[in-house]
Amino acid sequence: MNLRADDINYNPVFFSYAIFDKGSDSVDLFSDKEHFNPEFTMDNVKIHEYEGITAALQDLCKAGTKIGVDKNKVNAELDLIIKDNCVSMENVVESIKACKTKIE
């Protein structure tokens, strides 16, 4: 998504969670809304408050939705929420980063 912020000193990143829905082309991004200008829009990206991830995952689990997650990366709180609906999968971002271009 190529977004930047300054949650961590000397790193252009911010704390967030994202839910990618396999059945649609939308992304739910959970972050501090103060990072975003109120007029900011991205096609198919809905911005939610960072703390909203818990309720969103609980709703998905109640609906019986399977949630793909890298079990080596998920934190303990979210792991407890999704435990019965979890499908273990490798980290997609790391897989993409591992593929080098001809130039690299």
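Taken together, the values in this text are just the output of simple stated rules run on the coordinates, not laboratory data. Values in this document were obtained by computation on a predicted structure and should not be read as measured data. Cβ: placed from backbone, ideal geometry, glycine included. Neighbour counts: every protein chain shown.
Less than 5 angstrom separates the built amide H of residue 5 from those of 13, 14, all sequence-distant by 5 or more or on a different chain. Only DSSP H runs of four or more residues enter the estimate; each adds -39500 (n - 2.57), and after division by the residues of the chain the mean residue ellipticity at 222 nm equals -6000 deg cm²/dmol.
About the Cα centre of the chain, how large is the charge dipole given +1 on each Lys and Arg Cβ and -1 on each Asp and Glu Cβ? Please answer in debye to the nearest 20.
That gives a dipole near 480 debye.
Positive end of the dipole of the chain, charges at C-beta (+1 Lys, Arg; -1 Asp, Glu), about the Cα centre: which of 75, 101, 31 has its Cα farthest in that direction? Of the candidates, 101 comes out farthest on the positive side. Treating r as the C-beta distance of residue 70 and residue 5 and R0 as 25 Å, the FRET efficiency rounds to 0.65. When every Cα-Cα distance of region 13-104 is counted in 10 angstrom steps from zero, the calculated P(r) takes the values 14, 42, 32, 11, 1 percent. When the listed pairs 46/102; 33/71; 46/97; 33/97 are checked against a 32 Å cut-off, the alpha-carbon distance exceeds it for 46/102.
Counted over the chain, the DSSP beta bridges are approximately 45% antiparallel. Highest mean packing comes first when the peptides 26-37, 70-81 are listed by Cβ atoms within 10 Å, giving 26-37, 70-81.
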